[in-house]
Amino acid sequence: MYKLVVVDNPLAASFYEVFTFPVLRSKLYMTQREGPIVAVGANSNQKPIGLAMAEIVPNNQSNILSIFVDASHRNQGIGTALLEYLLKELKLRNCQSAQIIYVTGKPTTIALERILAKNNWTSPKPRMLVCNCDRQMLKAPWLQKEYPLATEFTIFPWTELTEQDRLRLNDRFKNETWIPELLNPLAHDNNFEPLNSIGLRYRDEVVGWIITHRLSPTTIRYTCSYIRPNLQRLGRILALYSESIKRQAANPDIFEAIWTVPFIYSSMIDFVKRRMANYMISIKESRESLKIIN
Ligand SMILES: CC(C)(COP(=O)(O)OP(=O)(O)OC[C@H]1O[C@@H](n2cnc3c(N)ncnc32)[C@H](O)[C@@H]1OP(=O)(O)O)[C@@H](O)C(=O)NCCC(=O)NCCS
């Protein structure tokens with residue numbers, strides 16, 4: 001038998017921290033009876049065996065941050081019970097809905113989706129492709145080609161973005177709607193990777209970018225990339241990608257890359273599936289599901 005408890009203080013958090021992602025542990029330590037972080041644990045004979053955790057966000061909504069059951073206790077209803085108990089706690093704190101976002105491709109994805117289905121969560125909706133590759137990608141035919149740009153275009157390292165460029169981009173963000181916020185380079189270029197973050201100038205104006213981040217000594221994340229819509233042409237985008245990838249490739253110690261592609265960018269999704277998929281370590285999907293709490 002197991003017991004469910006609310007994890008609401010740092011001591012309890014320390015017992016359960018192994019059951020969430022390292023990056024979320026600082027949040028777990030913030031749990032309190034009345035705070036935005038809500039965590040519930042399962043224990044058997046006083047020994048922690050699972051944890052579910054959520055964050056309350058504005059407008060009485062909440063995000064499920066993680067749910068984990070110790071491998072030797074799975075398929076006994078504990079994951080289901082943890083999620084139900086978490087939703088009860090969220091309701092007590094006036095939450096009206098919960099959202100979960102997760103990445104597919106794990107052996108237990110099927111178990112998670114079964115729990116969601118049987119508890120009337122909305123059927124999972126794909127959000128993004130989650131892509132991961134190593135130097136094998138350098139063999140892909142699209143990377144063997146040249147993508148010459150007209151003379152009005154120049155590719156420059158993001159380290160050379162001037163204060164004036166920044167001010168102009170900022171102004172444009174305020175006054176025009178052509179750059180989706182998700183792809184705003186200025187919102188993403190904190191601690192950017194200088195090695196292969198690059199911009200594209202059309203005459204004297206910055207019209208495109210690839211911003212990357214170093215996640216570990218061996219891995220770069222391609223965080224955000226864009227070209228102004230009226231200048232978008234496959235060849236130009238590929239010129240940018242190819243340049244950024246080649247700059248990474250010149251450093252064999254940094255042999256991994258990860259990136260995501262939202263499903264709303266259907267031409268990029270097609271490109272990944274048709275031209276890149278065969279050269280990748282993995283392509284997973286992130287999905288989301290919602291539940292009204294009543
Ligand atoms: C996802 C997870 C929390 C589920 O916990 P759990 O305690 O095993 O879940 P439950 O026992 O309550 O429910 C699992 C359901 O999936 C079903 N299931 C499990 N494996 C299955 C399979 N291969 N095919 C079909 N159904 C399967 C079980 O039969 C059960 O359904 P049922 O209650 O109708 O019989 C657990 O597997 C886990 O910790 N996974 C790793 C962490 C993770 O990926 N978390 C999600 C993202 S944060």
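The values are calculated or read from the model by the stated rules, or taken from the named source; none is laboratory data. None of the values given here were measured: they were computed from a predicted structure. Ideal geometry is used to build each Cβ from the backbone, glycine not excepted, and the neighbour counts take in all protein chains shown. These accessible areas exclude ligands, DNA and RNA; they are computed on the full protein's heavy atoms, side chains included. Shrake-Rupley method; radii C 1.70, N 1.55, O 1.52, S 1.80 Å.
Here the stretch 210-230 and the stretch 236-259 have alpha carbon centers that stand 9 Å from each other. When the trypsin sites (Lys or Arg not before Pro) in the stretch 2-71 are filtered for DSSP coil states and for at most 13 other beta-carbon atoms within 10 Å of their beta-carbon, the remaining sites are R33.
Each Cα pair under 8 Å and six or more residues apart adds its separation to the average, and for the chain the resulting relative contact order is 21 percent. For the stretch 1-94, with equal point scatterers placed on the C-alpha atoms only and solvent neglected, what are the log10 I(q)/I(0) values from the Debye formula at q = 0.14, 0.15 1/Å, to two decimals? Those come out to -0.43, -0.49, one per q. Is the stretch 132-179 rounded, prolate or oblate when judged by the Cα gyration tensor, a ≥ b ≥ c being the square roots of its eigenvalues, rounded requiring a/c under 1.5 and prolate requiring a/b larger than b/c? Note, shape of the stretch 132-179 comes out prolate. For the stretch 31-179, the solvent-accessible area with a 1.4 angstrom probe is 56 square angstrom per residue.
The Cα-based radius of gyration of the chain, divided by its Kirkwood radius, gives an Rg/Rh of 1.04. Charge tally for K118 (other residues, Cβ to Cβ under 15 Å; Lys, Arg +1; Asp, Glu -1): 0. Answer rounded, prolate or oblate for the stretch 135-254, using the Cα gyration tensor with square roots of eigenvalues a ≥ b ≥ c: rounded when a/c is under 1.5, else prolate when a/b is larger than b/c, else oblate. Note, shape of the stretch 135-254 comes out oblate. Judged by the mean number of other Cβ atoms found within 10 Å, the most tightly packed of the peptides 112-125, 148-161 leads the ranking 112-125, 148-161. Between K3 and I264, the simple spin-label model (points 7 angstrom out along Cα→Cβ) gives 4.7 nm. Close lysine pairs were tallied over the stretch 3-95: pairs 8 or more places apart or on different chains with Cα atoms under 21 Å apart number 5.
Rounded to the nearest 20 debye, the dipole size of the chain about its Cα centre is 820 debye, using +1 on the Cβ of Lys and Arg and -1 on the Cβ of Asp and Glu. Note: relative contact order over the stretch 3-95, using C-alpha pairs below 8 Å and six or more positions apart, is 26 percent. Protection proxy ranking for 104-111, 89-96, using the average of other Cβ atoms within 10 Å per residue and placing the highest first: 89-96, 104-111. Cβ-Cβ distance of R74 and Q144, R₀ of 41 Å, FRET efficiency by 1/(1 + (r/R0)^6): the value works out to about 0.35.
Full extension of the segment from V57 to L215, taken as 0.36 nm per residue of separation minus the current Cα-Cα distance, would add 54.2 nm. Remark on I283: its backbone amide H falls under 5 Å from none of the residues 5 or more positions apart or on other chains, H modelled at 1.01 Å from N. Simple point charges give the picture: +1 on the Cβ of Lys and Arg, -1 on the Cβ of Asp and Glu, and for the stretch 168-294 a dipole about the Cα centre of about 300 debye. Taking the Cα centre of the stretch 3-95 as reference, the dipole from Cβ charges on Lys and Arg (+1) and Asp and Glu (-1) amounts to some 100 debye. In whole Å, what is the distance between the alpha-carbon centres of the stretch 1-66 and the stretch 116-163? Each part reduced to its Cα centre gives a spacing of 34 Å.
Keeping all protein chains in the complex and leaving out DNA, RNA and ligands, what accessible area do you get for L86 with a 1.4 Å probe, in Å² to the nearest 10? Around 0 Å² of this residue is reachable by solvent. Dipole orientation for the chain: of the candidates I155, A277, T218, A277 has the Cα lying most toward the positive pole (charges on Cβ; Lys, Arg +1; Asp, Glu -1).
Once you sort the root eigenvalues of the Cα gyration tensor of the stretch 188-279 as a ≥ b ≥ c, which label holds: rounded (a/c under 1.5), prolate (a/b larger than b/c) or oblate (the other case)? Since a/c reaches 1.5 but b/c is at least a/b, the shape of the stretch 188-279 is classed as oblate.
Between D70 and G50, the built amide H atoms are under 5 Å apart, and every one of these is 5 or more places off in sequence or on another chain.
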